[in-house]
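Student: Got a structure for you, written out below as structure tokens; questions coming shortly.
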Amino acid sequence: MEGELPAEQEGRQMLTAKQLAAALLLIALTGPTRALAGPTTDPPPTTGEPDCIISVFSGQCELTVTDEVNRPGDSDTPGKTTKVSKKGCVFEGKPIPCTTEDGFWDPSSGCYLLPRDKPMTLGDTSKIKPGSKFYRCWVLLDVVDGKPVGEARFESEIKEPGEPETIDPRVAARQVVDDMNFVAPQLGLSPFVQSARREGVVNSPVWMWVTDPGESTTGPLSARVSLGGVTIEAVGTVDRIEWSMGDGNTVSCKGAGTPFDRSSVEGKSLREVPASPTCGHKYVKTSRCEKGGKFPVSATAYWNVHWTGGGMEGDIPLQFSRSTLLSVIDLRPVLVAPDGASEPEVSTPARSC
């Protein structure tokens, strides 16, 4: 008969009266299009049935699947990876993707949901409470070979005011991260305290550090917020700080760096100034030929924010930069005539650009 399930699905648990009525109404109105079609999903698990504990509140499994992916920005360190984990969702004890092209999984409705501006319903729309939220529902009927099987429902899923607003955990996480108080670090450079003229010197060590380390600039920074019925916990940590020195070199530092202590080099020559133990650079040319006669120096803090919530977890990369200008000079020898000689003082000519 029309609307009968495929033979390979016989023996599956019977539809509830509500689901059957919705399916028959859909077929009568639109014809059996997409009936029991499976959406594009994550690849099925390669292992057997997972051993997991299913929450009676969310219908979610405690199973964790881990993939290794190349971290963006780590092209200079081949082989370095970061682990990205996703907690699985389940339907009738079977693992399913938490998101597909048909939306995100909502265990309370048994649907994959996509937000809609207006409701699709045969009912009286005047009875819909102001402020209600509407979603297209793709009813999940079964899981075959790890893939969801179901159909689009004509009637919209309607969440009235007072009900927890359904929201994709990834969207909620993005909103939480956007509201976290990240700040680009303030820059410290040793020539600013070494030289009265605020200049660096060729072949003299330059120390770089963050002058205002703290949770907003160097981490860790945490947040825990409930949005749309989903509680998101996020923790941001700084992976590295990259210093672009303006001379074509970039220095990657694992942390805030070490502040330069001027008193430690008092009475010493430039040759005796030690290099920074954590984050430093040495210029081999002056900035005389640069625009404005200075090198543009910038520091970029690369963050990774790991979040969990709504049965999912993920990582959001961020970066924050601050720039300054640094003049770098070289100390040229000066030729001085012997005492009593009449020859004028002569210095070596400046190098050409």
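Student: Sequence-distant or interchain residues sharing an amide H contact under 5 Å with residue 90, placed H: which?
Tutor: It is 61, 96, by chain and number.
Student: Taking H placed 1.01 Å from N in the peptide plane, check which residues at least 5 places from residue 137 or on another chain put their amide H under 5 Å from its amide H.
Tutor: When sequence neighbours closer than 5 places are left aside, the close amide H contacts are 153, 157.
Student: Pop out the ³J(HN,Hα) list for the range 214-221 in order, Karplus 6.51 cos²θ - 1.76 cosθ + 1.60 with θ = phi - 60°, rounded to Hz; leave Gly and Pro as x.
Tutor: Once rounded to whole Hz, the list reads x, 5, 7, 10, 10, x, x, 10.
Student: Provide the per-residue ³J(HN,Hα) series for the range 199-206, in order, calculated from phi with Karplus coefficients 6.51, -1.76, 1.60 and θ = phi - 60°, each as a whole number of Hz, with x at glycine and proline positions.
Tutor: 10, x, 10, 4, 6, 9, x, 10
Student: Then there's this: Sum up the charges of everything whose Cβ sits under 13 Å from the Cβ of residue 183, counting Lys and Arg as +1 and Asp and Glu as -1, but leave residue 183 out.
Tutor: Charge balance near residue 183 sits at -1.
Student: Further question: Carbon and sulfur together cover what percent of the accessible area of the range 102-220 at a 1.4 Å probe radius?
Tutor: 49 percent
Student: Then there is this: For the range 221-341, what class follows from the C-alpha gyration tensor (a ≥ b ≥ c being the square roots of its eigenvalues): rounded when a/c is under 1.5, otherwise prolate if a/b is larger than b/c, else oblate? Could the numbers behind the result be given before it?
Tutor: Values: a/c = 4.86, a/b = 2.89, b/c = 1.68.
It comes out prolate by the Cα gyration axes.
Student: Residue by residue, what Karplus-based ³J(HN,Hα) values in Hz, rounded to whole numbers, does the range 252-262 have, using 6.51, -1.76 and 1.60 with θ = phi - 60° and x for Gly and Pro?
Tutor: 9, 10, 8, x, 7, x, 10, x, 7, 9, 4
The values are calculated or read from the model by the stated rules, or taken from the named source; none is laboratory data. Everything numeric here is computed off the predicted structure, so don't read it as measured data. Here Cβ is always computed from backbone atoms with ideal geometry, including for glycine, and neighbour counts include all displayed protein chains. These accessible areas exclude ligands, DNA and RNA; they are computed on the full protein's heavy atoms, side chains included. Shrake-Rupley method; radii C 1.70, N 1.55, O 1.52, S 1.80 Å.
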